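The values are calculated or read from the model by the stated rules, or taken from the named source; none is laboratory data. Since the model is a prediction, treat every value here as computed from it, not as a measurement. In this analysis, Cβ positions are derived from the backbone assuming ideal geometry, glycine residues included, and neighbour counts consider all displayed protein chains.
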Amino acid sequence: MDHKGFTLWLTGMSGAGKSTISDRLMVRFRDAGAKVELLDGDVVRTNLSQGLGFSREDRDTNIRRIGFVADLLSRNGIIVVVAAISPYRDTREEVKSKIANFIEVFVDCPVAVLAERDVKGLYKRALAGEVGNFTGISDPYEPPLQPDVTVRSDRETVEESVELVWGELLRRGWIGAA
């Protein structure tokens with residue numbers, strides 16, 4: 001696959017489908033022979049941001065670290081797929097301003113659907129006030145005002161969401177038709 005380096009940043013609340021969509025995109029990129037890396041928020045937290053909590057400052061630090069790594073990779077010709085809640089709009093905008101080729105994908109899903117999907121019961125506990133600093137419930141999630149792509153994981157199949165993202169990449173000429 002002929003491609004330039006870029007960052008594809010998927011943001012949305014916990015359980016919205018960021019990792020599922022990212023995993024499918026990764027398979028598609030790899031099948032096409034692309035140089036691609038995935039920066040999943042949970043994996044980065046465990047390895048690169050271990051010790052950070054869930055205060056605003058710590059969440060911002062985590063997102064800035066992900067953005068730093070994404071910038072390093074993408075400016076060296078790697079496609080970087082980021083799947084991270086990244087709850088604060090100004091921090092996402094800050095990261096976006098530092099990365100030359102950046103696409104923001106908003107994985108949108110209503111809280112009621114997220115709570116239904118939640119096998120761990122975290123939304124139910126957060127809605128009952130038992131879990132503090134829970135994004136979108138007791139802590140803010142600020143959706144993008146003008147994302148490059150919006151997918152509705154409550155209304156679309158994973159394949160339809162992947163196609164929307166892939167179509168935007170093709171439209172921009174950042175990937176060749178595979």
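Couple of notes before you dig in:
- Leu145 vs. criteria among the aliphatic types (A, V, I, L, M), surrounded by fewer than 21 Cβ atoms within 10 Å (Cβ to Cβ), assigned to a loop (DSSP other than H, G, I, E, B) and at pLDDT 95 or above: yes
- Taking residues in segment 50-78 that are within 12 Å of Thr91 (Cα to Cα), and partners anywhere that are among the aromatic types (Phe, Trp, Tyr), the pairs with Cβ atoms closer than 8 Å and at least 6 places apart or on different chains are Arg56/Tyr88; Arg59/Tyr88; Asp60/Tyr88; Ile63/Tyr88.
- Test: residue in segment 124-132 that is β-branched (Val, Ile, Thr) and out of contact with any helix residue (DSSP H, G or I) (no Cβ under 9 Å at 6 or more places or on another chain): no
- Applying a threshold of 8 Å to beta carbon distances and a minimum spacing of six or more residues, or different chains, the list of pairs starting in segment 88-100 at a residue that is within 16 Å of Leu10 (Cβ to Cβ) and ending at one that is in a helix (DSSP H, G or I) and acidic (Asp, Glu) reads Tyr88/Asp60; Thr91/Asp60; Ile99/Asp71.
- Within segment 129-154, tally of residues that are without any contact (Cβ under 8 Å) to a residue 40 or more places away in the chain and among the polar types (S, T, N, Q): 2
- Within segment 89-129, considering residues that are among the hydroxyl-bearing types (Ser, Thr, Tyr) and crowded, with 19+ Cβ neighbours inside 10 Å, the one farthest from Arg65 (Cα to Cα): Tyr123
- Failed criterion for Glu37 (all others in (1) surrounded by fewer than 18 Cβ atoms within 10 Å (Cβ to Cβ); (2) more than 14 Å from the chain's Cα centre (by Cα); (3) at negative phi hold): (2)
- Residue under evaluation Val36, criteria (1) in contact with a strand residue (DSSP E or B) (Cβ under 8 Å, 6 or more places away or on another chain); (2) over 23 Å from Gly167 (Cβ atoms); (3) modelled with pLDDT of 95 or more; (4) not basic (Lys, Arg), criterion not met: (2)
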